[in-house]
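Peer 1: Encoded as structure tokens, here's the structure I'll be asking about.
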Amino acid sequence: MSEEAPQFGNRRVREIYRRGMYDGEMPDFPTRFDEIREAAWENMDENARAYVHGGSGGEETFERNKDFSRYRIIPRMLRGVADRDLSVDLLGRTHAFPLMITPLGVQSLLHEEAELATTGACRELDVPFILSSLSSTSMEDAAEELGETPKWFQFYWSSDRDVARSFLDRAEDAGYDAIVLTVDAPTLGWRERLIERGYYPFLEGEGIANYLSDPAFRDRLDEPPEEDMEAAVDLFLEIFGDESLTWEDLSFVREHTDLPILIKGVLHPDDARLAIEHGADAIGVSTHGGRQVDGSISAIEALPAVAEEVDGEVPITFDSGVRRGSDAFKALALGADTVLLGRPFAYGLAMGGQAGVEWVLRNMLADLDLTMGLAGIDDVTAIDQSALRHERDL
Ligand code: FNR
């Protein structure tokens, strides 16, 4: 059952206050991001904490991503905002909300039900979901659990072209609506939290369900993974990522899928232009959560110039650092069409499985809905730069 606007936020807080005041029931989970992370960490071991929390290098970009404070919302009054519409049209489908679950690998590190707990929450709330190539659940199983909920598949390009092609075919057959091609991770960044622990989850066979279940991948093995996991992991490590790729190689993806393609990981306006020239149907502004180039521009700093270059030609997704409704509002105002939620849902998952993800999503959507209404806007697609001012212009 989908949770519908209008007044998503008002209904949410009313329900929470009523329960507290009339039934004496406190919420099951904490509300503040830091407390949710602490609750999650109680259920995670040190390795999982290092994997999820960690940015690259000194974590400068990871930290700066979260600073949206240079942009200030200027609320407008008495504009009749009782009928708020949070829906957006994206790549051929209407999404109930301008918020999606970002592709986030190895969810088995967070909860035993892994992606199936997250997809359950998405289905319940009608929040679109993006499955990572590095998921703990196969793309077919995740799609089945999602039913009609909008779903995109994040594609990591194996250097083995047969496996790459097979992933694209499978995603289309399984009913995904779009391919998210992540271009900022031809290899993984310098992750000190993992390096100091000598920990890399894929070496224990975590997060490679799509590979283990792939016919082209299995064809390359002498023994099936069920009999020789070590060889399967070695093959995965050998073919994961391809640092030789150039924009011209996008034609390979274009040739092998009829689905729309989003290029995730764009930070420079010239790359946005190149992506469009090479056939991208959407652009994803992202720093990969500060996990790749430490010291890079933050995602919210990069967004305005990319949005100016794209100028409405294709939709833009935004992620990296979104922790609350006003962050999402600011990204939408600066040119994003939808926002991808990362660590907050991941910690919700570790904190309470599907119920934890639902808790985080409901609160995030309520916060965004209230922020939008209080800013004097009743339609999410009408949020634009006029709602914001940069601090240098105050
Ligand atoms: C990611 N991210 C990511 N992105 C992607 O395209 N494929 C992937 O498999 C993963 N895996 C992944 C794992 C973990 C643990 C994290 C934290 C992130 C990046 C993700 O999609 C998104 O860009 C960031 O999560 C956004 O940053 P915040 O908001 O989580 O800080």
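To keep it simple, each residue is scored yes or no on (1) in a strand (DSSP E or B); (2) in contact (Cβ under 8 Å) with a residue 12 or more places away in the chain; (3) within 12 Å of the ligand (Cβ to nearest atom).
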residue	(1), (2), (3)
T118	no, yes, no
C122	no, yes, no
V127	no, yes, no
S133	no, yes, yes
T137	no, yes, no
E140	no, yes, no
E145	no, yes, no
E148	no, no, no
Q154	yes, yes, yes
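Peer 1: Another question about this same structure. For the condition part of a helix (DSSP H, G or I), within 14 Å of V180 (Cα to Cα) and either away from the ligand (no atom under 16 Å from the Cβ) or aliphatic (A, V, I, L, M) (or both), what is the one hit in L259, L250?
Peer 2: Exactly one of L259, L250 is part of a helix (DSSP H, G or I), within 14 Å of V180 (Cα to Cα) and either away from the ligand (no atom under 16 Å from the Cβ) or aliphatic (A, V, I, L, M) (or both), namely L250.
Peer 1: Also, I was wondering about something else. What are the residues in segment 45-80 that are out of contact with any strand residue (DSSP E or B) (no Cβ under 8 Å at 6 or more places or on another chain) and open to solvent by 80 Å² or more (accessible area, probe 1.4 Å), if any?
Peer 2: Scanning segment 45-80 gives D45, E46, E60, E63, R76, M77, L78, R79.
Peer 1: Still on this structure: So for segment 63-86 (the condition being outside any loop (DSSP other than H, G, I, E, B) and either within 16 Å of the ligand (Cβ to nearest atom) or within 29 Å of E206 (Cα to Cα) (or both)), does at least one residue qualify?
Peer 2: Within segment 63-86, one or more residues are outside any loop (DSSP other than H, G, I, E, B) and either within 16 Å of the ligand (Cβ to nearest atom) or within 29 Å of E206 (Cα to Cα) (or both).
Peer 1: Check L99, L110 and return the single one that is in contact (Cβ under 8 Å) with a residue 12 or more places away in the chain and out of contact with any strand residue (DSSP E or B) (no Cβ under 8 Å at 6 or more places or on another chain).
Peer 2: Exactly one residue qualifies, and that residue is L110.
For (1) in contact with a Phe, Trp or Tyr (Cβ under 6 Å, 6 or more places away or on another chain); (2) within 13 Å of the ligand (Cβ to nearest atom); (3) touching a residue at least 12 places away in the same chain (Cβ under 8 Å), each residue gets a yes or a no:
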residue: H268; (1), (2), (3): no, no, yes
residue: H278; (1), (2), (3): yes, no, yes
residue: A282; (1), (2), (3): no, no, yes
residue: G290; (1), (2), (3): yes, yes, yes
residue: I297; (1), (2), (3): no, no, yes
residue: V322; (1), (2), (3): no, yes, yes
residue: G325; (1), (2), (3): no, no, yes
residue: L332; (1), (2), (3): no, no, yes
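Peer 1: Further, regarding this structure: Has segment 156-170 got at least one residue that is touching a residue at least 24 places away in the same chain (Cβ under 8 Å), in a strand (DSSP E or B) and not charged (D, E, K, R)?
Peer 2: no
Peer 1: So which residues in segment 106-116 are within 12 Å of the ligand (Cβ to nearest atom) and buried (at least 24 other Cβ atoms within 10 Å of the Cβ), if there are any at all?
Peer 2: Correct list: Q107, L110, E115.
Peer 1: Could you please find all residues in segment 292-342 being β-branched (V, I, T) and either part of a helix (DSSP H, G or I) or buried (at least 20 other Cβ atoms within 10 Å of the Cβ) (or both)?
Peer 2: Within segment 292-342, I300, V306, V310, I316, T317, V322, T338, V339 qualify.
Peer 1: Please go through segment 89-105 and pick out each residue that is open to solvent by 10 Å² or more (accessible area, probe 1.4 Å), more than 9 Å from the ligand (Cβ to nearest atom) and not hydrophobic (A, V, I, L, M, F, W, C).
Peer 2: D89, G92, R93, T94
Peer 1: Would segment 176-189 turn up any residue that is within 13 Å of the ligand (Cβ to nearest atom), open to solvent by 20 Å² or more (accessible area, probe 1.4 Å) and touching a strand residue (DSSP E or B) at 6+ places or on another chain (Cβ under 9 Å)?
Peer 2: yes
Peer 1: Mind checking which residues of segment 345-394 are open to solvent by 30 Å² or more (accessible area, probe 1.4 Å) and assigned to a loop (DSSP other than H, G, I, E, B)?
Peer 2: Matches in segment 345-394: D378, D384, L394.
The values are calculated or read from the model by the stated rules, or taken from the named source; none is laboratory data. What you are looking at is a predicted structure, and each value in this text was computed from that prediction instead of being measured. A quick note on method: Cβ atoms are made from the backbone with ideal geometry, for glycine too, and the neighbour counts reach across all protein chains shown. Side chains are part of the model used for accessible areas, which takes the heavy atoms of the whole protein and leaves out ligands, DNA and RNA. Shrake-Rupley method; radii C 1.70, N 1.55, O 1.52, S 1.80 Å.
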